[in-house]
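What follows is a short report on a single structure.
The values are calculated or read from the model by the stated rules, or taken from the named source; none is laboratory data. These numbers come from a predicted model, not from an experiment. Note: ideal-geometry Cβ built from the backbone for every residue, glycine included; neighbour counts use all protein chains shown. All accessible areas refer to the heavy atoms of the entire protein, side chains included, with ligands and DNA or RNA removed. Shrake-Rupley method; radii C 1.70, N 1.55, O 1.52, S 1.80 Å.
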Amino acid sequence: MANGASLPVDVATLFRAALTCHSENRRPEAEALYRQLLDHAPDHAQSLGMLAMILTDGADEVEAEAVLLRHLALRPHDGGSLYGLGRLKARQGDDEAAASLFQRAAQWLPRLAPIFNDLGVSLHRLGRGDEAMVALDRAIDLEPAYAVAHGNRGVALFDLGRFDEAFDAQLAVLVNTAPASTELRASALENLGRAARKAGRLAEAGALASAQVEVGDLDANLVEQLGLILEDADHQAEASALRNDFARRAGVQRSGRATGAEATVLLLGAVGGGHVPIRYLVDPARFAALSVSILSPDQADAPLGSIDIEALGKVDVVFNTLGDVDHDGGRLAAANALCARLGKPVLNSPTMIPRTGRDRAPELFAGIAGLVTPKVTRSSPAELRDLAIEAPLLVRPAGDHGGENLVLLRDDADKRAYVSGGPNDRLLLTAFHDFRSADGLWRKYRLIFVDRRVYPYHLAIAGGWLVHYWRAEMGRSDWKRAEEERFLADWRGVFGAPAVAAIEEVARRLDLDYGGMDCALTDDGRVILFEANACILVHLDEPAARFAYKHQYVPPIREAFSRMLLDRAGAG
C-alpha cells in the first residue's frame, strides 16, 4: 500500500494516535499502535521509522535491525534510521560498520550532536584518535553543554597522551551535569582522577572532589571515586570520613530475588578495603543478597554502626569480599570476628587472604614444576631512589589493580623519572620477564578458580608488554577472537600437560573458594605468574553478536559459583 494522502482513514488515525503516545513518552502504547498500523500497511515508512526508534533502545536487537533495514529499503537516506542502525552495530562491537553508518547519518542530520558523539566513540575504539577528536569537537560545537560528549572527548584525549586537556574535559562534564546524574558524575570523576595523576594536578582534583562531596546526591560508585581522588590528593581523613558516613547511611542493602531465593548470601565488605569484583558472580535471578560494609577499625562505632547483628542472622552463607591484603589495616581481623559471631559458612575466609599478597607468591608457590614466579619486594620511593636498576623492573603502588599505575623501569633514567613524579609511599617491585610469543606479540591468560577448580576466562593479545583486555582491542580482530575461542574451548590442550599441572597446583595452594590468576606462557611451555589472588574480575559485558563464544564459556563460571554457594549454604 502506498504512503501519503491516499491512506485509509483508519491507518491515518492510528498513526496520529501512535505519534501522540510517542510524544507523551507512552512508548508501549505507541509501539502497539505502530505495529497495528503496519499490519494494515506494511510499507508505511513513517511508522517503520518511528517503531525503529523505539526498538533501537530495546533488548531485541535482531528485530530492531530488521525494522531499521525495512525502513532504509524504503528511505535509504533517512538519517534517523542510519543513526539507529549505527547504534546497534556499535553495541554489537562492529565499530567499522557503526562509524560508516554514523558518517552517512551525519550527511542528512548535520546538526544532531549525538551522531557526532557516537561517531567519535566508534572512531576512538578503532584507534583513529585524531578523527575521533574532530567528531567529538563537532558534537560539542553543536551542543556546548553536552556532558556525555565532553566525557568521551576526555577519554580520547587521555589515550592521546594529552592529560591536561583530558582533565579539563572531565571538569566540563561535572560543570554540565546535574547533581542527580550520579552515574555520569562518577564516570567523570574516575577519568578525571586518572588524568590528574598523569598531569600532576592531584591537588586540584582533591579540591574538586571536596566540592563534589558538598553537592550531595552520592551513591556507592560516586563515593568510591571521590574517595580515591581524596586519597591520591593526600586527603586521607576526608576520604575516610566520607566512606564511613556513607556506610552508616547505607546500612544493610538488599538485592537479588525478593522472594523464592534459593539461598540468601551476606556480601561482607569494609570501608577502605580492597574488594573482590562480584557484580557478575552472584546470580540475582537465583539468590537474595544482603550487603554490609564494616566501618573502619578506628571508628568508635565499628564494626557495624547502628546495624543490629540480628538483622544479618537470617543469611545462609557469608561471602567475604575483602580480597586484598594491601588494603587491610585491621579490616580482615574485624571481618573474621564478625564471621565468627554470625556462625555461618564463609566463602573466602578472611584468615586466608593475608597469604595471597603479591610479595608472598614466591613463597606460596615455591617448587611448582613449570611455574615461573617473579620475585616481588616491597619498597618506598626513598629505597627505590637508592636502588641500581640492573635488570628491567616493574613498579606499582601496593594494592593497585588494573595496570593504570604499573610502570616498567628499564634503567636508572626511568627510575629517576618515576621517583620525581612523587609516587605512592608503598610500592611493589617485580622482576620483569619478557613474555613475548614467537610472533612478537604479548599474550596474557586469565583463569578463574571456583572451589579450587580451574575455569578459563579470557585471553588478551597485544602489541606491547602492558596487556589488558580492553587495551588489546580484541573486538577489532577476527583472528584474535578465534585464538581466544580456542583457549576457552580447550585451555588444557592450549597449555599442555606440564603447564596445566602447574596451574592446578596454583589453584590448590591458593586455597580460596573464589580466586584466579593472570599468567603467560613461555616458548618452552612454562607458566609465568603475574598474580594469583581473590581480586580477579569476571564479567560478561562483551556483545554476544561479536563474542558469541564468551557467552558460551563464561556462564559456567557463574554456574560453578552458584553450585558452591548452595553447597555451603546447605552444609550450614
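Take the residues in region 261-290 that are within 20 Å of the chain's Cα centre (by Cα) and surrounded by fewer than 19 Cβ atoms within 10 Å (Cβ to Cβ), then tell me which one is modelled with the lowest pLDDT.
279
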Only residues in region 202-217 that are modelled with pLDDT under 90 count as the first member; pair them with residues that are open to solvent by 70 Å² or more (accessible area, probe 1.4 Å), Cβ under 7 angstrom, at least 6 apart or cross-chain, and list the lot. 217/180
Residue ID - most open to solvent (accessible area, probe 1.4 Å), chosen from residues in region 528-544 that are part of a loop (DSSP other than H, G, I, E, B) and small (Gly, Ala, Ser): 544
Could you please let me know if residue 78 is acidic (Asp, Glu) and either touching a residue at least 60 places away in the same chain (Cβ under 8 Å) or surrounded by 19 or more Cβ atoms within 10 Å (Cβ to Cβ) (or both)? yes
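Here's the yes/no breakdown for (1) among the hydrophobic types (A, V, I, L, M, F, W, C); (2) in a helix (DSSP H, G or I):
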{"residue": "460", "(1), (2)": "yes, no"}
{"residue": "471", "(1), (2)": "no, yes"}
{"residue": "481", "(1), (2)": "no, yes"}
{"residue": "493", "(1), (2)": "no, yes"}
{"residue": "500", "(1), (2)": "yes, yes"}
{"residue": "503", "(1), (2)": "yes, yes"}
{"residue": "506", "(1), (2)": "yes, yes"}
{"residue": "515", "(1), (2)": "no, no"}
{"residue": "520", "(1), (2)": "yes, no"}
Give the residues of region 132-168 that are closer than 23 Å to residue 96 by Cα and part of a loop (DSSP other than H, G, I, E, B), sorted by residue number. 160
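Condition first: of a type outside the set (A, V, I, L, M), part of a loop (DSSP other than H, G, I, E, B) and either open to solvent by less than 30 Å² (accessible area, probe 1.4 Å) or at pLDDT below 90 (or both). Now tell me which residues in region 389-426 satisfy that. Write out each step before concluding.
First, pick out the residues of region 389-426 that are of a type outside the set (A, V, I, L, M): 390, 392, 396-397, 399-405, 410-412, 414-416, 418, 420-426.
Checking the rest, the ones that are also part of a loop (DSSP other than H, G, I, E, B) come to 390, 392, 399-405, 410-411, 421-426.
Those that are of a type outside the set (A, V, I, L, M), part of a loop (DSSP other than H, G, I, E, B) and either open to solvent by less than 30 Å² (accessible area, probe 1.4 Å) or at pLDDT below 90 (or both): 399, 400, 401, 402, 403, 404, 405, 421, 422, 423, 424, 425.
Does residue 170 meet the test of being on the phi < 0 side of the Ramachandran plot, open to solvent by less than 60 Å² (accessible area, probe 1.4 Å) and in contact with a Gly (Cβ under 9 Å, 6 or more places away or on another chain)? Spell out how you get there, then give the answer.
On the way: on the phi < 0 side of the Ramachandran plot: yes; open to solvent by less than 60 Å² (accessible area, probe 1.4 Å): yes; in contact with a Gly (Cβ under 9 Å, 6 or more places away or on another chain): yes.
The answer is yes for residue 170.
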Reported set for region 346-371 where residues are more than 21 Å from residue 528 (Cβ to Cβ) and assigned to a loop (DSSP other than H, G, I, E, B) is 348, 349, 353
Could you check, for region 100-113, whether at least one of its residues is under 25 Å from the mean Cα position of the chain (by Cα) and closer than 25 Å to residue 71 by Cα? no
